[in-house]
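The values are calculated or read from the model by the stated rules, or taken from the named source; none is laboratory data. What you see is a predicted model, and the numbers here were worked out from it, not measured in a lab. Surface areas here come from the heavy atoms of the whole protein model, side chains and all, with no ligands, DNA or RNA. Shrake-Rupley method; radii C 1.70, N 1.55, O 1.52, S 1.80 Å.
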Amino acid sequence: MHMHGMKLIRPCLARAGSMNMQMPLLLSLALRGAAKPFCRDGSTLQQHWQSYNGARGLDRWLEYANTYSHHIPSPLGRTSTVRMLEVGVQSGGSAVAWKTCYGTLLRYVGVDIDPRCARSRNESAGVFVEIGSVFDNAFLKEVCRRHGPFDVIIDDGGHTAAMVKATISALFDDDSCMAPHSVYVVEDLMVMARCGGDKSYCEAPSDFTKLPSSAFESMHDYWFKTRDTTQPAPSIFGGSLHAIHLYDSIAFYVRRAPQSRLTRIKLDTDWFPNEEAKLNSVDTYAAAAAPGTAAPSE
């Protein structure tokens, strides 16, 4: 969030009274007002999508634009190439839109199971299209070997929970697939509302929501490893997940390899012992009473 944006809204917020009332409004205004020049011509990403006049169909949810602008690298002021892998090419409009936004700074690689999508291939212009299934792990690894590691991976494929999991499982924790500092995007998660029926994306909404939940847990794997407790099962994120950003129907998984750890500082010497366990009711910490499961002291 930019400081000048905070100054504009602070007088109104000051009259709101409490911080817990201010913060949701701050965050909401920050995102809504965050449209900024993104593409090489100085347009915002939303403006770029709205002014699209390519011959091939482009299907976009406009609100995704600001979230993308927050989390993926812009070509503005950049000299190095951005490597992007997009799962789901379909008619080819997305490939055109990303390429015209980034220009020569983008190496675009699309993956699709439909052979017709090969028409979008233009390798002399840095647009590559590979035909295959996301359930074919060897195929995905070969795409990485040929074109990776990627700075941005976008899953806009078939959108079933099984496809989403298979793709991120194959790509996220592989250094040949994702750069040390990179972003993995999953689009169109509103399909969690379409479980069952003729075209079912999932058995239950939790088939989608448990992925970011398990990702958040995996960010804390090193805490488990420093304590005498049951080790968590190996994660598909492999200890390289830095952050998760969730919005309406779109999720961003930020990769930092190796994963950074928290650094604690305790200053001054005037401390008294934490006696919360004594002051709270007897069953407050009951769930943590088993050996090795007590919460870290403060």
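Calculated on the Cα set of the stretch 73-143, radius of gyration then Dmax: 12.3, 37 Å.
Scaling the Cα radius of gyration of the stretch 26-183 by the globular reference 2.2 N^0.38 Å produces a ratio of 1.02. How many Å² of accessible area per residue for the stretch 138-258, probe 1.4 Å? So the stretch 138-258 comes to 48 Å² accessible per residue, rounded to a whole number. Measure up Lys99/Lys141; Lys141/Lys199; Lys141/Lys210; Lys165/Lys266; Lys210/Lys278; Lys210/Lys266 against 31 Å on the Cα-Cα distance and list the ones that go over. Correct reply: Lys165/Lys266; Lys210/Lys278; Lys210/Lys266. For Arg255, the residues 5 or more places off, or on other chains, whose built amide H falls under 5 Å of its own are Ser182, Val183, Tyr184, His242. The alpha carbon radius of gyration of the stretch 149-265, expressed as a multiple of 2.2 N^0.38 Å, is 1.12.
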